[in-house]
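We did not get these values from a lab; they are worked out from the coordinates using the rules stated. Just so it is clear, the model here is predicted, and its values are computed rather than measured. Neighbour counts run over all protein chains shown; Cβ positions are idealised from the backbone, glycine included.
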Amino acid sequence: MYATAEEKELQQLTDKLLELVEGKDENYWKSLSTEEASKIAEDLRKVIRYHDYKYYVQANPVISDYQYDKLFHALEALERAHPEIVTPDSPTQRISPAFTGEFEKVKHLAEMTSLENTYSADDLREWDKRVKQLLGVDEVEYIVEPKFDGASIELVYEDDILVRGVTRGDGIVGEDITMNVKTIKSIPLRADFSKHGIKRISVRGEIVMPKSVFEKLNKEREKQGLSLFANPRNAAAGTLRLKNPAEVAKRGLDCYTYQILYSEPVKLCKDIKTQKQALEILADCGFKTPPIQKVCKDIEEVIETVLKAQKERESWDFEADGMVVKVNDICAWEKLGETLHHPRWAVAYKFPAKQAVTKLLDVVWQVGRTGALTPVAILEPVEVGGVVVSRASLFNPDLIKQKDIRIGDYVIVERAGETIPYIVAPVKERRTGEEKPVEVPTHCPVCGAPIVKELDEAVPRCPNINCPAQLKEHLIYWGKVLDIKGLGESTANTLLKKGFVKSIADIYYLDKNELVKLPGWGLKKAENLLTQIEKSKEAPFYKKITALGIRHVGEKTAQLLAKKFKNLEELMNASFSELASIPGIGPITATSIKNFFKAEQNVEMIKELEKAGFKFERTPEEEMEEQLPKPLEGQNVVFTGELEHFKRKEAQHLIELLGGNPTNSVTRKTSFVVVGENPGSKLAKAQKLGIKTINEQEFVELLKKYAENNEEVKRILQEKGIL
DNA sequence: GCACCTCGAGTTCC
DNA sequence: CTCGAGGTGC
């Protein structure tokens with residue numbers, strides 16, 4: 001778009017103008033002649049256009065926002081002082097006054113068709129076969145671009161000036177939303193088409209809302225109690241229909257252009273021969289074109305490209321629902337022609353849907369380990385992102401109220417981070433009036449105790465610490481924290497149902513002869529479980545504290561406690577102020593600890609455990625660890641993605657052995673991030689904050705280096721066959 | 001009093 | 001992974 005020499009010139013002009021406008025007020029601008037004013041205004045427009053391009057199209061600004069604003073405000077003041085010099089393509093003309101009334105219906109210069117969808121590599125191969133057959137050739141070159149999920153738009157330029165922006169509508173007639181389109185800064189108001197010999201052109205693009213903007217917008221709307229947009233596409237489409245362009249300008253829309261629909265006197269096929277060339281012309285005229293536009297020599301390369309994109313799409317800041325594959329040679333387009341609805345020269349490859357709509361059949365309430373009641377949506381099974389989902393968490397009652405979710409509603413289900421499904425919003429348009437509001441239970445669904453809800457807490461709770469549901473969850477938690485393999489949900493259920501376990505301590509008195517009688521249990525399984533349970537007595541002290549399940553005391557807090565107190569007796573006798581004075585523990589956690597040891601059942605449970613030979617005190621290793629060298633002391637380390645050699649837990653344990661602090665979220669305090677296969681959003685955050693990242697190999701090198709002085713680390717590495 | 005960070009708790013499907 | 005809430009430091 002801009003040649004290097006030109007950029008240099010524009011930057012010099014920018015500096016000159018910044019100096020010129022410094023400290024100038026209305027009176028100064030008024031004192032200029034029309035001629036002088038017009039000359040300065042043209043210069044200002046030129047540099048503002050340039051900086052808009054750098055910022056909104058290239059995302060690579062070269063001046064500060066402050067400096068930009070200065071130039072922009074100067075142009076505004078200058079145009080106010082001399083209204084006669086305002087031109088329609090001036091950057092100040094992006095925002096027109098609001099209006100009441102309807103958007104005008106306009107016929108497109110060229111029809112905007114929709115694409116046929118495909119869903120698999122085989123679908124693509126079949127399409128490829130048809131294309132070759134129709135063209136009578138054995139080789140076809142394709143080009144692959146993202147299929148933006150936004151609002152399709154036709155932009156018409158005459159003599160380089162944007163004259164019209166029209167929604168897709170039915171493909172033949174759309175609505176004229178020029179005023180709103182003009183507010184989008186990645187769409188040039190003036191584009192240098194004449195350089196390419198083009199006088200009149202119709203360009204197709206997609207208006208999208210960047211994911212980051214969408215999230216911010218919804219958060220704000222939530223705060224204001226407004227209804228939420230289900231996805232960036234709806235948000236973009238909704239925004240374009242606003243009657244007030246000033247509002248539209250604030251929403252941060254973006255536009256990618258990806259097709260020349262029509263141009264004169266320069267003609268498609270005759271002068272513009274390939275899609276790639278068309279994209280290059282658009283880019284050269286200052287448009288934002290697709291970030292992926294890969295020319296592929298055959299369909300196999302196409303398939304490779306779309307599958308790679310499917311993996312990477314999470315990291316894009318725009319939503320894409322698939323990839324578009326086009327025949328690169330534009331002359332072939334005419335030969336291939338169109339079916340009733342779709343062109344034959346392009347096809348869409350759709351990603352497995354991340355969202356789906358299904359019916360909310362019921363809401364059931366689960367009782368957690370702490371007695372927290374969590375609403376879970378029972379859904380009519382529906383496929384989302386390749387798996388069938390029938391349940392989804394609703395987090396808490398406030399959220400249900402906020403989103404106004406009712407039983408019987410059709411709801412939009414999404415799988416966050418590719419895994420856990422949650423409900424985005426109800427589809428209110430599909431309501432029949434039969435829908436029932438979700439009632440928060442007044443009594444625990446498991447034990448029947450009356451439910452309590454603290455005034456400023458979001459979750460209702462079952463207060464009964466003897467509630468069977470809580471015992472079950474505690475048992476599972478006990479198994480998880482103390483790493484008792486075989487004590488998971490199903491075993492916990494069986495043990496409780498058979499009456500073998502009435503309190504946690506009972507697991508240390510299990511009878512092998514009874515266990516083997518259980519259906520599906522053999523001698524091996526029973527022995528393994530008993531060995532694992534016995535082994536849990538040797539767990540570190542802090543894990544034992546964690547396993548108690550004191551509210552607000554998880555692994556980290558338990559570590560603090562285990563450092564301060566060498567056994568449970570000391571901890572139990574600690575006063576409130578003694579606890580609250582530990583850094584990391586505040587009044588609420590301290591109260592919770594005191595309350596835990598006040599409760600009769602808990603003291604009883606501890607006594608029973610101790611009777612079974614369960615010792616609540618530091619292990620010799622824990623005492624020793626204090627004295628080991630700590631090369632990573634004070635470093636916060638975050639893991640993302642999967643590692644080849646270690647499970648996440650193991651890797652974190654190694655960091656701890658070296659005195660480092662493994663944490664779960666990337667912040668400015670993070671020292672470095674270890675990036676494995678398929679990293680999540682943490683990698684993006686680290687890059688944004690400029691935090692150092694290392695790969696697994698570098699991580700292993702680091703461990704090897706420190707292993708020399710640390711027996712435990714050495715042992716683990718040897719076990720893994722790394723050393 | 002607020003912003004920021006950290007921790008705990010709860011969760012789906014296979 | 002995400003949300004809510006506790007703790008800390010300005």
Requested in this report: Sort A:TYR50, A:TYR509 so the one with the fewest other Cβ atoms within 10 Å of its own Cβ comes first.
Outcome: A:TYR509, A:TYR50
Report task. For A:GLU76 paired with A:ILE694, estimate the spin-label separation in nm (one decimal), with each label point 7 Å from Cα along the Cα-to-Cβ line. Result -> 5.0 nm
Requested in this report: Give me D for region A:117-350 in µm² s⁻¹, whole number, from Stokes-Einstein with Rh from the Kirkwood sum over alpha-carbon pairs, 20 °C and 1.002 mPa s.
Outcome: 115 µm²/s
Requested in this report: Using R₀ = 22 Å, calculate the FRET efficiency as 1/(1 + (r/R₀)^6) where r is the Cβ-Cβ separation of A:LYS273 and A:ALA121; round to 0.05.
Outcome: 0.15
Report task. Compute the long axis of helix A:696-707 from its Cα atoms, compare it with the longest principal axis of the Cα atoms of chain A, and write down the angle in degrees, 0 to 90, nearest 10. Result -> 40 degrees
Report summary line: Packing-ranked peptide list from A:649-657, A:14-22, highest mean Cβ count within 10 angstrom first, is A:649-657, A:14-22
Requested in this report: Could you work out how far the C-alpha centroid of region A:343-413 sits from that of region A:230-263, in angstrom?
Outcome: 28 Å
Report task. Any chance you could list the semi-axes, whole Å, largest first, of the equivalent ellipsoid that the Cα gyration tensor gives for chain A, using √(5λ)? Result -> 59, 32, 28
Query raised in the report: So how far apart, in nm, are the two label points at A:SER575 and A:LEU307 if each is 7 Å from Cα heading toward Cβ?
Result: 6.8 nm
Requested in this report: Kindly point out, ordered by number, any Cys in chain A whose beta-carbon has no other cysteine beta-carbon under 4.7 Å away.
Outcome: A:CYS255, A:CYS285, A:CYS296
Requested in this report: Compute the acute angle (0 to 90°) between the alpha-carbon long axis of helix A:275-284 and the principal axis of greatest extent of the alpha-carbon atoms of chain A; round to the nearest 10°.
Outcome: 80 degrees
Report summary line: Tilt, helix A:299-312 to longest principal axis of chain A (alpha-carbon atoms), in degrees rounded to tens, equals 60 degrees
Query raised in the report: What is the Cα centroid distance between region A:42-121 and region A:487-548, reported in whole angstrom?
Result: 68 Å
Report summary line: Going from the fewest other Cβ atoms within 10 Å to the most, one would list A:THR667, A:THR167, A:THR442 as A:THR442, A:THR667, A:THR167
Query raised in the report: Along the Cα-to-Cβ line of A:THR432, 7 Å from the Cα, sits a label point; which residues in region A:339-357 have backbone N less than 20 Å from it?
Result: A:357
Requested in this report: Scale the Cα Rg of region A:355-437 by the rule-of-thumb value 2.2 N^0.38 Å and send over the ratio, two decimals.
Outcome: 1.05
Query raised in the report: Taking R0 as 41 Å, what's the FRET efficiency between A:VAL452 and A:ALA237 from their Cβ-Cβ distance, rounded to 0.05?
Result: 0.40
Report task. Starting from the Cα of A:LYS39, draw a straight line to each of the lysines and keep only those under 21 Å, dropping any in the same chain fewer than 8 residues away. Result -> A:LYS8, A:LYS16, A:LYS24, A:LYS30, A:LYS70
Requested in this report: Would you work out the relative contact order for chain A, in percent, from Cα pairs under 8 angstrom that are 6 or more residues apart?
Outcome: 8 percent
Query raised in the report: Sorted from fewest to most neighbouring beta carbons within 10 Å, what does the list A:ASP409, A:ASP160, A:ASP483 look like?
Result: A:ASP483, A:ASP160, A:ASP409
Query - Share antiparallel - DSSP beta bridges, chain A, percent rounded to 5 - result: 85 percent
Query raised in the report: Which value in Å is the Kirkwood Rh of region A:572-670 over different Cα pairs?
Result: 16.9 Å
Query raised in the report: Once every DSSP H run of n ≥ 4 in chain A is given -39500 (n - 2.57) and the sum is divided by its residues, what mean residue ellipticity at 222 nm do you get, rounded to the nearest 500 deg cm²/dmol?
Result: -11500 deg cm²/dmol
Query raised in the report: For A:LEU361 and A:VAL440, FRET efficiency with R0 = 25 Å and r from the beta-carbon atoms, rounded to 0.05?
Result: 0.85
